[in-house]
Amino acid sequence: GAVVSQHPSWVICKSGTSVKIECRSLDFQATTMFWYRQFPKQSLMLMATSNEGSKATYEQGVEKDKFLINHASLTLSTLTVTSAHPEDSSFYICSARGRNIQYFGAGTRLSVL
Amino acid sequence: AQSVAQPEDQVNVAEGNPLTVKCTYSVSGNPYLFWYVQYPNRGLQFLLKYITGDNLVKGSYGFEAEFNKSQTSFHLKKPSALVSDSALYFCAVSPRGGGADGLTFGKGTHLIIQP
């Protein structure tokens with residue numbers, strides 16, 4: 001149990017376009033979800049905390065207008081990278097809070113050309 | 001601010017030998033500590049956590065971790081390594097134990113078990 005699905009697993013886009021990443025808790029409800037970013041050979045860095053029905057809380061240094069987060073239901077949170085640029089290329093990982101721990105998706109690799 | 005250090009980028013162990021993956025932390029207040037494992041093309045999987053109580057925590061797949069407050073460490077251990085244990089291991093800390101806060105991760109340690 002406690003499966004988190006993240007889609008797509010890999011996306012390539014042109015500079016200036018927007019990309020939406022979905023994070024779903026498949027067999028449990030998650031009032032809280034988290035978005036992380038992982039650079040090559042580095043650790044996961046928390047970007048924002050997403051709470052169902054309310055505005056996301058962003059970590060210092062993360063542009064809220066660049067990384068739009070919507071948590072409209074208890075099983076779905078989305079991250080939209082707006083007007084993507086090559087420096088936004090990275091591995092994005094979501095997690096969902098369930099049974100007092102976080103369960104992680106497999107991640108989305110974003111490549112901006 | 002809180003931080004986690006995993007001093008080893010890679011740990012090599014022969015199959016059947018005991019393994020240790022090191023983790024030290026820095027937090028203000030009580031530490032809530034976690035270990036996750038990442039296999040290629042898969043999400044991080046929860047192994048174990050320390051919230052309070054017994055300093056030796058047992059988790060999934062035969063792993064355990066020892067919380068040492070005086071040394072601010074939370075090393076991951078297994079008595080007998082398997083080749084299938086080869087993966088990337090992350091230590092993490094949270095301000096609270098209920099999963100309500102984002103985690104601060106170490107940089108990860110590649111564990112390689114040699115047949």
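The values are calculated or read from the model by the stated rules, or taken from the named source; none is laboratory data. Just so it is clear, the structure is predicted and the values come from calculations on it, not from any experiment. Cβ sites come from the backbone with ideal geometry, for glycine too, and all protein chains shown count toward neighbours. Side chains included, ligands, DNA and RNA excluded: accessible areas come from the protein's heavy atoms. Shrake-Rupley method; radii C 1.70, N 1.55, O 1.52, S 1.80 Å.
Of note:
- Selection from the stretch A:86-113 of residues that are of a type outside the set (A, V, I, L, M), at the interface with chain B (Cβ under 8 Å from one of its Cβ atoms) and either buried (at least 18 other Cβ atoms within 10 Å of the Cβ) or part of a strand (DSSP E or B) (or both): A:SER95, A:ARG97, A:GLY98, A:GLN102, A:TYR103, A:PHE104, A:GLY105, A:GLY107
- Enumeration of residues in the stretch A:5-30 that are in contact with a Phe, Trp or Tyr (Cβ under 9 Å, 6 or more places away or on another chain) and over 25 Å from A:ALA84 (Cα atoms): A:SER25, A:PHE28, A:ALA30
- 2 or more residues in contact (Cβ under 8 Å) with a residue 24 or more places away in the chain and within 13 Å of another protein chain (Cβ to nearest Cβ): qualifying strands (runs of 3 or more DSSP E) within the stretch B:1-112: B:3-5, B:32-38, B:45-50, B:87-94
- The stretch A:66-84 - residue that is part of a loop (DSSP other than H, G, I, E, B) and at pLDDT below 95 and, of those, surrounded by the fewest Cβ atoms within 10 Å (Cβ to Cβ): A:LEU74
- Some residue of the stretch A:50-61 being within 14 Å of another protein chain (Cβ to nearest Cβ), open to solvent by 70 Å² or more (accessible area, probe 1.4 Å) and of a type in the set (Val, Ile, Thr): yes
- Looking across the stretch A:30-49, the residues that are modelled with pLDDT under 90 and open to solvent by 20 Å² or more (accessible area, probe 1.4 Å) come down to A:THR31, A:PHE39, A:PRO40, A:LYS41, A:GLN42.
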